[in-house]
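Here the structure comes first, spelled out in structure tokens, and everything after it is commentary.
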Amino acid sequence: MLLIMLFLNTGFGISFEKYEVVCDVDANNNVHETITLLIFNNNSEDIKDITYIVPQTLKNLEVYSDRGVKSYSAKLIEGATEIYIELENPIKKGERGEIKLEFDSNNLVWDKENGEKLLSISVPAVKSKFELIIKLPPGAAVVSPQGFLSITPQGYVVDTDGKRIVIKWEKVLENEKSFTATVAYAIITKPITNNTLTYGFVGVSLLLMISIIFLVITTRKNKLYKNKISEMQNEIENLSKILEKKDEEVKKLNEINNLLNNDLKNVNKNIEAYKKEILEKDNEIEKIKEEYEKCLRKIEELKKELSKIDEIKDELEAYKELSERYKKELETLKDSINKKDEYIKMLENKIKEYESNKRDILMNVLTDEEKEIIDLIAKHGSITQKEIVEITGMTKPKVSRLVSDLEQRGIIKKIKIGRINKLILSEDVLKEND
């Protein structure tokens, strides 16, 4: 039941600019609650009605609103009270409206041992700037039960209005479903004011004086009445002494109460100082965590770089081996190239020797008739087969056979000049002639 939340019937386009709960405990430990809600409609349809659930039973409910209250009702649901409010003037978009609930709560104060009392109050939580105020009964003081905290939760401020102890929580609610506070207290003495004592003393004195005057008038000579008068005077004196003692007790209690309040203020100041120190330490821890995370990321990056360096080292070793192998192969190739160069030079020399002796070799293998044809071609530059037949007197078939044989051996070749085929010496033979 403590998880029950406040909700509006009109949707989610609202915000709570004020959420205040005042819990007033009287001398008989009865609790009177006042809940104030300031609602802002920032993006919603008109807010016509509101439902608020109190996680306890209540009585003497009163509802107020600056928007006017058309009607309201309270319904008991499994130990909680559902309050339904219908407004006379709806809260339109961009407008504000205040709702105030006043009622007497049941079962909020429990009796403990040694006359101690425990107040426990729980209210629904909504996203807002929340304030809870608890006013203890006159003459009450906060006690510390064994094994328990006197006041929960932390974050409270203890003050006094001169007659009673006032405990206050101020908090920004975010995602909480409910807010619960407990206070352990005890009634040290019933409050007696100096005015009350004075008025009582005066009243008793007047009554006694009237009685004495009446007795004196009626029985002046009666000794018995005189004795009664003296007894009454003694009683008055005794009452005066008792009242003086009570005054002294009240003063002492007020002094003790003031001392306790001062101690509470000092404790609250110390708590606030400790909170600031804790926040500073938390900030320092967060910074250290951030630096630690950065260091971890740097270490990971360095590890990756080292792994890359190891890979590069392996590659360098492989490159070194390849380089050594290539050097050896280059040396081998150089030797091979040198040998080939020498061989090429030898071949070139042989070719030169062959070229220089080529004509002589060629002419030595030719027949006299072939030599005659070559000499004619060299003499004329170009000549036809018919002209060779006419000059040499050889038969036409023989000339054709010799020309064909020389052409196949690459000594002469045919060129076409117009429609006539002429014979010329090949380039190799011409070079030799040159």
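The values are calculated or read from the model by the stated rules, or taken from the named source; none is laboratory data. Note that this is a predicted model, so its numbers are computed, not measured. Neighbour counts run over all protein chains shown; Cβ positions are idealised from the backbone, glycine included. Ligands, DNA and RNA are excluded from the accessible area calculation, which covers all protein heavy atoms including side chains. Shrake-Rupley method; radii C 1.70, N 1.55, O 1.52, S 1.80 Å.
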Of the listed pairs Lys163/Lys269; Lys112/Lys276; Lys92/Lys275; Lys135/Lys246; Lys100/Lys163, those with alpha carbons more than 30 Å apart are Lys112/Lys276; Lys92/Lys275
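Using a 10 Å cut-off on Cβ atoms, rank the peptides 109-116, 181-188 from the highest mean neighbour count down. Could the numbers behind the result be given before it?
Working: 109-116: 11.8, 181-188: 18.9.
The densest-packed peptide leads the list: 181-188, 109-116.
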Segment 92-163-segment 18-77 distance, computed between alpha-carbon centres (Å): 16
Evaluate 2.2 N^0.38 Å with N set to the residue count of segment 7-86, then give the Cα radius of gyration divided by it. 1.20
Check which residues have an amide H placed less than 5 Å from Val143's amide H, if you skip close sequence neighbours. Ala184, Tyr185, Ala186
Under the classification rounded if a/c is under 1.5, otherwise prolate if a/b is larger than b/c and oblate if not, where does segment 225-297 fall, given a ≥ b ≥ c as square roots of the Cα gyration tensor eigenvalues? prolate
Return the FRET efficiency for the residue pair Glu369, Tyr326: r is the Cβ-Cβ distance, R0 is 51 Å, and the value is rounded to the nearest 0.05. 0.25
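Of the peptides 265-273, 278-286, 65-73, how do they stack up when ordered by the mean number of other Cβ atoms within 10 Å, highest first?
So the peptides 265-273, 278-286, 65-73, ranked by packing, come out 65-73, 265-273, 278-286.
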With every protein chain present, what is the per residue accessible area of segment 268-314 (1.4 Å probe, Å²)? 97
Just add up the charged neighbours of Tyr292: K/R +1, D/E -1, any other residue whose Cβ is under 12 Å from the Cβ of Tyr292. +1
